[in-house]
Amino acid sequence: MKISQLSQAAGVSPATVKYYTREGLVPAGKRTGYNQTEYDDGHVARLRLIRALIEVGSLSVATTRDILKAIDDPQLPLGALLGEAQKAGTQERQGNPSDRSMARVESVMQARGWKTHPGNPGIQLAAGVLDAYDSIGRPDLADTLPRYAEAADIVAKADLDAVERSGDRDRMAEAVIVGTALGDTLLAGLRRIAQESQSVRRYPHAARNSQEREAR
């Protein structure tokens, strides 16, 4: 297919196709003549994956390039690929959390029997949130940590179940990346839905008042 057809199929402009190709996210098409390049369904699939990671997963172009490179490396074990996916969504948000908050996160990890590499980016990310609670004078919000950890365990098992059901290595690798990068966004959406649902159940009178105001 021509670049115009590829652009339409993938939902991106021809200029974006060229940009992603220059940046190393998309393999070049096959040159068929002067100023003529042919693309195939593989290019469509790659562009759709890139759109999902950047537009929905909010990853940068540089980070997307790194994880696509990991997907394309058949020698990279899935465990290492998972590590790359985890780092992709947290690199920009990592800071230097306090020892106290790090210890609190590690305590919850021990309580749940979690075994991780010391460099797992989630440890610093979670500890940074606890520091933020302290900084605004709401350390009580950290009381949610054990129940959040319990929920995270359920989600992690669902993630790996999805990977194992994917079939061949390429689809498993894609499931690792997509499930991690887009799963955060999916969870955020579901959390907001569940929050409203729980609020309606607990405070039905307030919910009715709100609906009446919106109807006016």
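Taking the Cβ of Met1 as the center, what net charge do the other residues with Cβ under 10 Å away carry, scoring Lys and Arg +1 and Asp and Glu -1? Write down the numbers at each step before the final one.
Details: positive: Lys2; negative: Glu38, Asp40, Asp41.
Summing Lys/Arg as +1 and Asp/Glu as -1 gives -2.
For region 68-77, backbone phi angles converted through the Karplus equation (6.51, -1.76, 1.60; θ = phi - 60°) give residue-by-residue couplings of 5, 4, 5, 4, 6, 8, x, 8, 7, x Hz, Gly and Pro being listed as x. Can you figure out the FRET efficiency of Ala132 with Arg65, using R₀ = 30 Å and their beta-carbon distance, to the nearest 0.05? That pair, Ala132 with Arg65, gives E of 0.50.
From the Cα gyration tensor of region 79-168, with a ≥ b ≥ c the square roots of its eigenvalues, which class applies: rounded if a/c is under 1.5, or else prolate if a/b is larger than b/c, or else oblate?
Values: a/c = 2.24, a/b = 1.65, b/c = 1.35.
Because a/c hits 1.5 or more and a/b exceeds b/c, region 79-168 counts as prolate.
Only helices enter the 222 nm calculation for the chain: every DSSP H run of n ≥ 4 contributes -39,500 (n - 2.57), and dividing by all residues gives -22000 deg cm²/dmol, rounded to 500. With all pairs of different C-alpha atoms in the average, the Kirkwood value for the hydrodynamic radius of the chain is 20.3 Å.
Computed as a quarter of the hull surface, the mean projected area of the alpha carbon convex hull for region 1-56 stands at 3.5 nm².
Step through the table entries Lys2/Lys69; Lys30/Lys69; Lys30/Lys87; Lys18/Lys87; Lys30/Lys157, compare each Cα-Cα distance with 30 Å, and write down the pairs that go over it. Listed pairs above 30 Å: Lys30/Lys87; Lys30/Lys157.
Taking amide hydrogens as placed 1.01 Å from N in the peptide plane, the amide H of Val26 sits under 5 Å from those of Thr21, each at least 5 positions away in sequence or on another chain.
Computed from the coordinates by the stated procedures, all read-outs in this text should not be read as laboratory data. Because the structure is a prediction, the values reported are computed rather than measured. Methodologically, a virtual Cβ is constructed for each residue, glycine included, from the backbone with ideal geometry; neighbour enumeration extends over all protein chains shown.
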